[in-house]
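Engineer: This is the structure I want to talk about, given as structure tokens.
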Amino acid sequence: MRDAGSSPGWGHGTNAGTFINDVWTPGRDNDGRVNEASWALVPHGRWVSVAGTKLEALDAQVQAAIPGWRDYGNMKWGGVTEAWNAPAFDLAGRRLWRHGGGHADSSNNGIYRFDLDWMRWSIEHLPSDTNLWSQAYRQSGGFAGCPESRAAYNTEVDAGTWAQRDHWYYDEIFWDRTASNPMGNPTARHVYDGFIYVPESNELVVACRRLWRYSLESHKWTLKTHPRANGDEYALAEEVIAVLDHESKLVIGSCGSTGPFAADYDLRTNTWLAPRASWGSWDWSGAAYTQQGDIVTIFMPMHSAGDYASPGRWQRYDVATHTVLASGSTWNYEGGLSLASFPDTNHATDGHGMVYVPTEDVYWVYTKLNTGMAWLELDLKTTPATLRPKTFANAAPVLQSGIARRRAIYFPSLDAIVWMSPADQDVLVYRL
């Protein structure tokens, strides 16, 4: 299967598979690609479940490669998808990746790829061999930090030998540095919205704790760097949003407990650039966002009361020039919505999501109302912006609080939205 370049497209065989009761079983060509005749069975304007696309089905392959491997987290495979983790995606290549876990949710630090042309999951990078781990790490209950790696970091700091790049830090698996893998592997962690694909270099980047780079050609982690030369205190922390500008400069914003934090990282020169003001601060905590070119549209739903009571806000932000192009905090409510429809800050979610729908020039937002998680439609063509309930012709993906981040991804060449379901459920597609 390819590592770079554009999507190979559909197969051209005659096996069309089946479509029954909104469940699509793809028909495949001899090389395993889904046939164009099969995609033609999928109707427009409906959420469709793709049979045989549960991420957790990869467990048997991992066990075969690493006998005795286990996830010590509470959520097992569900922690890779549900623990505040957004996927990375390659729109031209019609593929995406999952990598996450963290805290007590999952110790699984592998990378898993979903190819739309094949409509199946595969292992991009195996998780670490848990047979090598100490009891202290296995029983730590918080897998983002490895105690042995933290001790090695402290030793280097005390000796005056620690450096900002490629040295020890708590966010790596202590036992994974070998002659053939000198960079080692990062620990499982909540990646939030800090996991992205870089087309120019065909790699994945994680921008949480440290910044890690992973080559899709060598299938190895190639670099790990702290945002500060003096270590611990200013690591990239929770609620990270990471996006690329057209020059492959990584723009990182944090809306969590160590925010507001903003940094630029030049992926071409591997240098940290001067911090800039960004969309940071708790006022944007867990905000939904989407990107078209250099323009990031970010939306923070309303809080009807509480310490961070807010009428809600949106802005369009140019990540190349670091300027706000437009913004607003007043609304035209439709369909029975009002500020009172939204929870106070003590009952709100911290993981909203949104996807831009170009055929309608609106955004589909998934967030929380007082009645529970819900789909809304955000229309920025009106003044003020309009917010209304979103309805579908059939059952929409079930939403859970806190983990909605970037789960709906629009693929232009398919004119379809792909919904990244939990690990125990099949992927969904929605043809526009």
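The values are calculated or read from the model by the stated rules, or taken from the named source; none is laboratory data. The structure presented is a predicted model; accordingly, all values stated were derived computationally and were not measured. Glycine gets a Cβ as well: all are built from the backbone with ideal geometry, and neighbour counts include every protein chain shown. The area values use the complete protein model at the heavy-atom level, side chains included, leaving out ligands, DNA and RNA. Shrake-Rupley method; radii C 1.70, N 1.55, O 1.52, S 1.80 Å.
Engineer: How many nm is it between the label spots at E217 and D424, if each spot is 7 Å from the Cα in line with the beta carbon?
Structural biologist: The modelled label-to-label distance comes out at 4.1 nm.
Engineer: Lysines within cross-link reach of K249: Cα-Cα under 27 Å, excluding same-chain residues under 8 positions apart?
Structural biologist: Counting by Cα, and skipping residues close in sequence, K249 has these lysines nearby: K220, K224.
Engineer: Using only the alpha carbon atoms of segment 94-200, find the Kirkwood hydrodynamic radius as the inverse mean reciprocal pair distance, in angstroms to one decimal.
Structural biologist: 15.1 Å
Engineer: Could you give the length gained by full extension between F392 and D266, i.e. 0.36 nm per residue of separation minus their alpha carbon distance, to one decimal place?
Structural biologist: So the extension gain works out to 41.2 nm.
Engineer: Using amide H atoms built in the peptide plane, which far-off residues or other-chain residues are under 5 Å from T187 H to H?
Structural biologist: E172, I173
Engineer: Work from the charge dipole of the chain (Cβ charges, +1 for Lys and Arg, -1 for Asp and Glu, about the Cα centre) and give the residue of M354, H103, Y197 farthest towards its positive end.
Structural biologist: M354
Engineer: For the chain, count all C-alpha to C-alpha pairs, find those more than 38 Å apart, and express that count as a whole percent of the total.
Structural biologist: Tail of the P(r) past 38 Å holds 21 percent of the pairs.
Engineer: Along the principal axes of its C-alpha atoms, what lengths does segment 374-432 span, in descending order and rounded to whole Å?
Structural biologist: Computed over the Cα atoms, the extents are 41, 30, 22 Å.
Engineer: Also: Output the relative contact order of segment 372-421, whole-number percent, from Cα pairs under 8 angstrom with separation of 6+ residues.
Structural biologist: Once normalised by length, the contact order is 25 percent.
Engineer: Work out the charge dipole of segment 365-432 with +1 on the Cβ of Lys and Arg and -1 on the Cβ of Asp and Glu about the Cα centre, then indicate which of L378, A416, L432 is farthest towards its positive end.
Structural biologist: Towards the positive end, the residue furthest out is L378.
Engineer: Where does the Debye-calculated log10 I(q)/I(0) of segment 150-236 sit at q = 0.15 Å⁻¹, using only Cα point scatterers of equal weight, no solvent?
Structural biologist: Treating every Cα as an identical point scatterer, log10 I(q)/I(0) equals -0.55.
Engineer: Next up: Give the peptides 369-376, 143-150, 388-395 in descending order of average Cβ contacts within 10 Å, highest first.
Structural biologist: In decreasing order of mean packing, 369-376, 143-150, 388-395 become 143-150, 369-376, 388-395.
Engineer: Provide the descending list of Cα extents for segment 314-423 along its principal axes, expressed in whole angstroms.
Structural biologist: 38, 37, 26
Engineer: Then there is this: When 1/r is averaged over all different Cα pairs and the result inverted, which Kirkwood radius in Å belongs to segment 1-160?
Structural biologist: Answer for segment 1-160: a Kirkwood hydrodynamic radius of 18.0 Å.
Engineer: Taking the full set of protein chains and a 1.4 angstrom probe, give the accessible area of E200 in square angstrom, rounded to the nearest 10.
Structural biologist: 110 Å²
Engineer: Quickly rank 93-100, 80-87 as a protection proxy: mean count of other C-beta atoms within 10 Å, highest first.
Structural biologist: 80-87, 93-100
Engineer: Right, here's the next one. Using R₀ = 35 Å, calculate the FRET efficiency as 1/(1 + (r/R₀)^6) where r is the Cβ-Cβ separation of A326 and Q135; round to 0.05.
Structural biologist: With R0 = 35 Å, the Cβ-Cβ based efficiency is 0.05.
Engineer: Taking the highest mean first, how do the peptides 104-112, 345-353 order by number of other beta carbon atoms within 10 angstrom per residue?
Structural biologist: Final packing ranking: 104-112, 345-353.
Engineer: For the pair A309 and H12, how long in nm is the line joining their label points, each one 7 Å along Cα→Cβ?
Structural biologist: 6.5 nm
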